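One structure below.
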């Protein structure tokens, strides 16, 4: 069982830290399990009795509570590496100590777990002190010299009125935080937010209060509240250790959120600074400096955030995705338009609350300097690059201002991490990325040849020629070459999925010509590795779509074959009586087979009869024809010029073809003029031009005349109808 | 709760406007109520007072152009009943006994009157009498030396702290008087 296994593994670790931890809270650690897997362990029934199952489950969850608390910090891990790793991979989503983790990651607490409580108390005291200090009541501490209309800086009355103004401004924003979430409509919560923001503004007069800070504070309060709830819930059932109770004491919601908020603001203070303004002595900015519009003077005093956005664009976006950067430039969409909000709110408005918390886990885990934020910006842009590249100015802006909700947050996090540190993190596996149509290698080979039939040239990320990715490309190329010799299904699929995903994920350099080149090189890994492969594709190219569909069909047939094969093997091996589940699985496989079976029928795509004009004669390519000019591409249809009056045979043919076609009847008289011998359109055009060329000064504007003239060359008919047909066809 | 008490502006007949220093002190947003003893005289002054606070009470003075102001008014602020009258009805002008008559008539804790253009704030028989003087320093036929003044009352439950602002020379002088209700 899982539990026992984990006990075995963890016991050795226990030896190391039990000494320290026991002194902390005297719990005995029976087993460690990662919180995410706690549900699995809970599912394993330990006792048959229902009541005690209940009890034991409850106590399991409570026990897990304490263990989770322990797990936050291993004393042999001074840099909180394990915690950071968990945060980055999104494992903190279900954590009941998220606020503590955040504080640990942001170094609100030092790295020594035993001193956490001391520091906590210190912070709380500090906050109390501050709020007392700033709560200036002129009636209580009235200076006899002071008067209510006093506007000098030292006057407590003046301070009082300024504070009121500041509080009014803060309150305006606070009541509008997260309109959809009920938690923030509660009066207590709003009051807490107001207090925290006010104390922060007074304690940091150079930052004061700017719009946006409330959105940073809101998730902090939420997380703390959740942790408090978890604590209270656990407390109901089982006594919780003092340390934990004190750490998550709900009475100190404001103080704890204040300490977190201060730390975060330190990291992102650069986004809120305006260079050329200093707050008034009482600690708030004059109201006309709310928005960081760059001064018309230009370069002289630029806001810090604009500088940063500029650097993001130049140093991160352009190297990673030149096309997108150029496209945005072309549309004149500058980063500050949406970037200011992204940075100032730490993406608070771009993602739903739960996703946002996961994102913040990762950002905080990466360090106090919030270095990951820039990369997240780029990752977000690249994640929706297809939608952006496809849209015009207004749609682009709409996407950027209201970030589409369909994007996977883990993908963005992974990508940002990868951008930040290529060595440490892998290129993310794309999950919700719309597939880019790819140029395939000519005719798709059938699945029986053992190839998936498609040249999926892998490539490196645009312009990042890191050694690892090129090596990866080479390896997968080689693997594909080997696949030609009939490798196993799994290998083929691995190649397919790996190259598809990396292919999808690449930014595109529009090289239509290279796709032609790529077609020729389907198996030569040499050229692929050397030139830094580029994937070219043509959007909406019918041939591409067709080949893609054919490939899909090939894959599905492969699936069906193999599934049938495995089903046969398994049905022989397994005795259905022993394992009813296995029987179900086999039935499922049967169903899948039959489902996939339908795709095998017929040709795909089904032949669509090509449209042709009324009066045209369908010409098979094999019949082509005596032409006076070389044919570039044999069209499947051709237009017959009105060169002859051959009524009957053509009329019969046409009637047969157009039985039931709307407007077929009307076409008859026109069709009568067509000859059996059809000439391709190009040729017709050529001859026409030749004729026209030889007649100098011939009025081309009169088609009737010209046609009539032309007709005289080919036929003896002077009928009006051929003219109509020609004009219909030609013009 | 801050209440501004002023009057006898006589704008534009005797003075053109409030002194600049007074204007600087009077910023909107701090004062909740304004009690004006009258003789504004025109609507412009009234509008100006309206910008300082939304709750403005004016009583009719002998030079007011608006004939619709009441002669007397009683306003309750906190625990205090405040009576407001211009004072030209009271003969002799500014006489404590005669004002006490008005106070008993109106049954108020604080009586505010004007017309003398002279600041007064005294307690008489356990009732408080305030005369804010003339905010512009407009002349009085009986007295040529008028000091511009106005009064700000800070009413807190049963205590009134009165701040008197006077423009002496070029400086604003502030005095503080406290009055407690029994």
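Derivation of every value follows stated rules applied to the coordinates shown; laboratory data play no part. What you are looking at is a predicted structure, and each value in this text was computed from that prediction instead of being measured. Backbone-built Cβ (ideal geometry, glycine too); neighbour counts: all protein chains shown.
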Rank the residues B:112, B:11, A:412 as a footprinting-exposure proxy: fewest other Cβ atoms within 10 Å of their Cβ go first.
B:11, A:412, B:112
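For B:27, A:544, what ranking results if the residue with the fewest other Cβ atoms within 10 Å of its Cβ goes first?
Numbers: B:27 12, A:544 18.
Ordered from fewest to most neighbouring Cβ atoms within 10 Å, B:27, A:544 come out as B:27, A:544.
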Take the alpha-carbon centre of region A:196-259, take the same for region A:550-600, and report the distance between them in whole Å.
54 Å
Rounded to whole angstrom, the alpha-carbon centroid of region A:315-386 lies from that of region A:173-187 at a distance of 25 Å
What average count of beta carbons from other chains do you get within 10 Å of the Cβ of residues in A:149-157?
3
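Sorted from fewest to most neighbouring beta carbons within 10 Å, what does the list B:157, A:95 look like?
Details: B:157 10, A:95 25.
Arranged by neighbour count, lowest to highest, B:157, A:95 become B:157, A:95.
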How do the peptides B:15-21, A:154-160, A:389-395 rank, highest first, by the average count of neighbouring beta carbon atoms within 10 Å per residue?
A:154-160, B:15-21, A:389-395
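Output the antiparallel fraction of DSSP beta bridges having both residues in chain B, as a percent to the nearest 5.
For chain B, the DSSP antiparallel bridge percentage is about 70.
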Using alpha carbon centroids, what distance separates region A:115-141 and region B:3-25, in Å?
44 Å
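Rounded, prolate or oblate, given the Cα gyration tensor of region B:30-161, with a/c below 1.5 counting as rounded?
Note, shape of region B:30-161 comes out rounded.
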